[in-house]
Amino acid sequence: MKLYQNVSLSTIGWLSVLLICYVIARPNIAKANTSLSVSPLIQTLSLSNASQSANLSISNNGDNSVNFSLEILPFKQSIGISARPILGSRKEISTSSYLNDITVTINNQPFSFFSLPPHSSQILRVNIPPQSKSFHAQDYYFCLLFSTNNTSPLSETPTKTSIDAYLSQNLSIGSLFLVSPSMKSLKYLQDPSIQSIEQKLVNYNNNLQGKFVLKNINNTYQNISINIIRKNILGNVIQNAQLPQAFILAKGTRTFSYFLDTQNDLGPENLIINVRDLHSGKSLTYTRFIFLLPIKSLLYVVILIMFAIFVSYKIKARLRSLN
Amino acid sequence: METRLNIIHILVFTYLFLLISVPIARAQSAQIDIGHIQLKSKNNPTSPTPTVPLPTKEQGPIFYKSSVLEKYTTGMINLNLSLPFLYFSALAPTRAQLRKNTLSVNVVGDSSESFYLYADTDLTNQNNKQLIPPTSCDNGNCSPTNSEQWSNTLTYGLGYNCSGGLAACYSSFSDSSMFRPLSTNLSQAVTLDDGLINSVQTYKFLYKVNVSASQAGGSYITNVNYLFLPNL
C-alpha cells in the first residue's frame with residue numbers, strides 16, 4: 001500500500017513537472033507561427049512619358065522575423081472560365097525585356113531579399129520606367145511574388161544513420177500589376193465583343209444556366225463589370241445579378257458562366273447580359289429571348305390538378321348516387 | 001365546356017398575377033453562382049453598377065480609384081501559418097509519421113484570390129541526393145490532382161491530406177486517410193481553392209511520411225509553398 005502511495009506520489013510529481021514545462025513552453029510554440037499581409041493585390045497603372053511608380057505594403061504580424069525573397073514574373077490570361085493568371089518563369093525573361101527595367105526599392109535602395117522584424121510593416125516602391133525607354137506600345141503585365149524564406153537548420157548537418165525528414169513551409173503572395181502604355185488609350189476604349197453565348201433553358205432543378213465568351217479586341221486591358229438581368233415580357237426586372245469586376249487582358253478571351261435560381265418562374269422572358277467598361281463607362285448589352293419551363297413544379301401542379309379532378313369527380317358521383 | 005373555360009380563365013389569371021407580382025416578391029432573395037463565385041442579386045436593378053468601394057476603417061487596405069491618376073488598387077490578404085517547419089524525426093521503416101499544420105487566410109476587398117500548393121522538389125537528401133519518393137497511395141493511383149486511400153504500412157513516400165476551405169479540400173479528401181503527393185512544379189501547382197472574396201478560411205494540413213527498410217539514412221528536405229494569387 002505504501003509502495004503504491006509512493007509510486008502515485010512520484011507519478012504526480014513527474015506529471016506536475018511536465019505540466020509546468022508545457023505551460024512554460026506553450027507561449028514559445030504559439031510564437032512559432034508566421035503571419036503576414038500584403039496590400040494591394042491588384043494595381044493598374046498608365047504610363048505616359050514620365051516614369052510611374054506604385055507603393056505596396058507588406059506586414060509581418062507574427063512574433064518572429066521573416067525573410068522574404070522577391071521575384072518579378074510576367075503573367076498572361078488563362079483560357080476558358082478560369083480567372084487565374086498564368087505566371088511565366090524567370091527563365092522566360094530575356095535581357096531586353098521590359099521587366100528588367102522595373103525596380104523595387106525600400107527607401108530608394110533596390111533589393112531582392114529583405115527581412116521584416118516581428119510586428120512591423122514595410123512600404124515597397126515599384127518603379128516603372130517611361131514608355132519610350134521600355135519601347136513597347138502594348139500593355140504589359142507583371143506579378144511581384146513575395147515568398148517567405150525559411151533557413152533550414154538541417155541543411156548543414158553531417159550524414160546521419162537515422163532518417164529525418166524536414167518540410168520547410170513557405171508562404172508566397174503575388175501582387176499583380178497591369179500597365180497600359182498611355183492614359184489616353186484607356187479613355188477611348190472600344191467595347192469588348194460578345195463572341196458566343198450558350199444557354200441551358202430547361203433544367204429539372206428550376207435553374208437557368210449558361211455561359212458566354214467575351215473577347216477584348218483592344219491593345220489595352222479592360223476592367224469590366226457584368227450584370228445578368230432577367231426581365232419578363234412586361235419589362236419588369238425579375239432578377240439582376242452582378243459579377244465582381246473582372247479583367248480581360250489585351251486581345252484576351254475570357255469565358256463567363258452563370259447559374260441563376262429561377263425558382264418556379266414560368267413563361268417567356270428576356271435575358272440581358274450587360275457588360276460595362278469601368279474606365280470609359282461604356283456598356284455593351286446582349287439580349288436573348290428565353291422561355292422558362294419549371295418542369296419539376298409543373299409536374300407537381302399536374303398531379304395536384306389530376307387529384308382535384310379526381311376528388312371532384314368522386315364528390316359529384318357521390319351526390320348523384322344520393323340524388 | 002363551361003368548366004373547361006373556367007379552368008383556362010383561372011390558369012391565365014394565375015399566370016398574369018404571378019408575372020406582375022414576381023418582381024416584388026423576389027427582389028431580395030435571388031442568388032447567382034457565376035463560375036466559382038456566389039453572388040447576391042441587387043435589390044435595385046436600376047441603380048448604376050458600383051465602382052471600387054471606398055476605404056473604410058474596418059476594411060483596412062487601400063481602396064481608391066482616381067479619375068485623374070487612372071490608378072486603381074484593391075485588396076489585402078493576411079496569412080497565418082501555425083508552423084514554419086515540420087520535422088519528422090528518426091523515421092523507422094513502415095512506421096509512418098504524421099504532422100499537422102494550419103493555415104488561415106483572410107481576404108479583404110474586391111480581389112478574388114486563388115490558393116495553390118506545390119513543393120520545390122521531392123524530399124531530397126542534401127548529401128547524396130537520394131529521395132523519399134512522393135506517395136502513390138495504397139492502390140498506386142494517387143497523383144497531385146487525385147487523392148486515394150493511404151493506410152497500408154508498406155506504402156512509402158510523402159503525401160498530404162487537407163480539410164477546410166471552400167472547395168478542393170472538401171471535394172478531394174473525403175476523410176483523413178485520403179492522401180496525395182505534392183506537385184513539384186510551380187506550373188503544375190494544385191489549386192486548393194478559387195474565388196476567395198472577403199472571406200476568412202482555415203485549412204488544416206496533415207502530412208505523412210513513411211519510409212522503406214532500404215531508405216538510406218540522412219536528412220531529407222524540401223520546401224512546401226502555399227501560394228496566393230489574385231484572380232483577374
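The values are calculated or read from the model by the stated rules, or taken from the named source; none is laboratory data. Predicted model only: the values in this text are computed from it and were never measured. Using ideal geometry, Cβ is built from the backbone for each residue, glycine included, and neighbour counts are taken over all protein chains shown. In case anyone asks, the SASA skips ligands and DNA or RNA and just uses the protein heavy atoms, side chains included. Shrake-Rupley method; radii C 1.70, N 1.55, O 1.52, S 1.80 Å.
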| request: Any chance you could count how many residues in segment A:46-76 are open to solvent by less than 10 Å² (accessible area, probe 1.4 Å) and either at the interface with chain B (Cβ under 7 Å from one of its Cβ atoms) or farther than 25 Å from B:Leu192 by Cα (or both)? | output: 4
| message | So B:Ser212 passes all but one of these: (1) open to solvent by less than 10 Å² (accessible area, probe 1.4 Å); (2) more than 7 Å from chain A (Cβ to nearest Cβ); (3) small (Gly, Ala, Ser). Which condition number does it fail? | response | (1)
| task | Might you check whether a residue that is open to solvent by 20 Å² or more (accessible area, probe 1.4 Å), within 13 Å of another protein chain (Cβ to nearest Cβ) and modelled with pLDDT under 90 occurs anywhere in segment B:129-152? | result | yes
| remark: Picked from segment A:123-138 (must be open to solvent by 10 Å² or more (accessible area, probe 1.4 Å) and modelled with pLDDT of 80 or more), the residue farthest from B:Asn80 (Cα to Cα) is A:Asn127
| note | A:Lys215: passes all of (1) modelled with pLDDT of 80 or more; (2) in contact with a Ser or Thr (Cβ under 9 Å, 6 or more places away or on another chain); (3) crowded, with 18+ Cβ neighbours inside 10 Å but (3)
| field | Total residues in segment A:261-275, condition at pLDDT below 85 and more than 10 Å from chain B (Cβ to nearest Cβ) | value | 0
| field | Residues (more than 14 Å from every other protein chain (Cβ to nearest Cβ) and open to solvent by less than 40 Å² (accessible area, probe 1.4 Å)) located in segment B:162-178 | value | B:Gly164, B:Gly165, B:Cys169, B:Ser172, B:Phe173, B:Ser177, B:Met178
| query | Going through segment B:179-194 one residue at a time, which ones are more than 26 Å from B:Ala96 (Cα to Cα) and open to solvent by 10 Å² or more (accessible area, probe 1.4 Å)? | reply | B:Leu186, B:Ser187, B:Gln188, B:Thr191, B:Asp194
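If the requirement is being modelled with pLDDT of 85 or more, closer than 23 Å to B:Asn231 by Cα and either at the interface with chain B (Cβ under 9 Å from one of its Cβ atoms) or open to solvent by less than 10 Å² (accessible area, probe 1.4 Å) (or both), which of these qualifies: A:Ile233, A:Ile229, A:Ile238, A:Ile248? If you could, list the steps in order and put the result at the bottom.
On the way: A:Ile233 fails: closer than 23 Å to B:Asn231 by Cα; A:Ile229 fails: closer than 23 Å to B:Asn231 by Cα; A:Ile238 fails: closer than 23 Å to B:Asn231 by Cα.
When all the criteria are applied, what remains is A:Ile248.
Given the criteria open to solvent by 10 Å² or more (accessible area, probe 1.4 Å) and either within 26 Å of the chain's Cα centre (by Cα) or within 22 Å of B:Ser112 (Cα to Cα) (or both), does A:Gln43 qualify?
On the way: open to solvent by 10 Å² or more (accessible area, probe 1.4 Å): no; either within 26 Å of the chain's Cα centre (by Cα) or within 22 Å of B:Ser112 (Cα to Cα) (or both): yes.
No, not satisfied.
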| message | Just to confirm my filter: which strands (runs of 3 or more DSSP E) fall fully inside segment B:163-232 and include at least 1 residues that are of a type in the set (Lys, Arg)? | response | B:199-210
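Filter segment B:108-145 for residues that are part of a strand (DSSP E or B) and of a type in the set (A, V, I, L, M, F, W, C); which is farthest from the chain's Cα centre (by Cα)? Before you say what the answer is, go through the steps one by one.
Kept after step one, since they are part of a strand (DSSP E or B), are these residues of segment B:108-145: B:108, B:113-119, B:123-125, B:131-132, B:134, B:143.
From what's left, of a type in the set (A, V, I, L, M, F, W, C): B:108, B:115, B:117, B:119, B:123, B:131-132.
On the way: B:Val108: 16, B:Phe115: 6, B:Leu117: 10, B:Ala119: 17, B:Leu123: 24, B:Leu131: 29, B:Ile132: 27 Å.
Only one residue tops the list, namely B:Leu131.
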| message | So, in segment B:84-103, how many residues would count as being under 22 Å from the mean Cα position of the chain (by Cα), open to solvent by 50 Å² or more (accessible area, probe 1.4 Å) and facing another protein chain (nearest Cβ under 7 Å)? | response | 1
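Does A:Ile79 satisfy the criteria of being within 14 Å of chain B (Cβ to nearest Cβ), open to solvent by 50 Å² or more (accessible area, probe 1.4 Å) and in contact with a strand residue (DSSP E or B) (Cβ under 6 Å, 6 or more places away or on another chain)? Show your work before the answer.
Details: within 14 Å of chain B (Cβ to nearest Cβ): yes; open to solvent by 50 Å² or more (accessible area, probe 1.4 Å): yes; in contact with a strand residue (DSSP E or B) (Cβ under 6 Å, 6 or more places away or on another chain): no.
Answer is no for this residue.
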| query | Looking at B:Ala119, is it in the same structural domain as B:Leu192 (by TED's automatic domain parsing) and open to solvent by 50 Å² or more (accessible area, probe 1.4 Å)? | reply | no
| Matching residues, segment B:215-232, being within 7 Å of chain A (Cβ to nearest Cβ) and either open to solvent by 30 Å² or more (accessible area, probe 1.4 Å) or more than 20 Å from the chain's Cα centre (by Cα) (or both) | B:Gln215, B:Gly217, B:Gly218, B:Ser219, B:Tyr220, B:Ile221, B:Thr222, B:Asn223
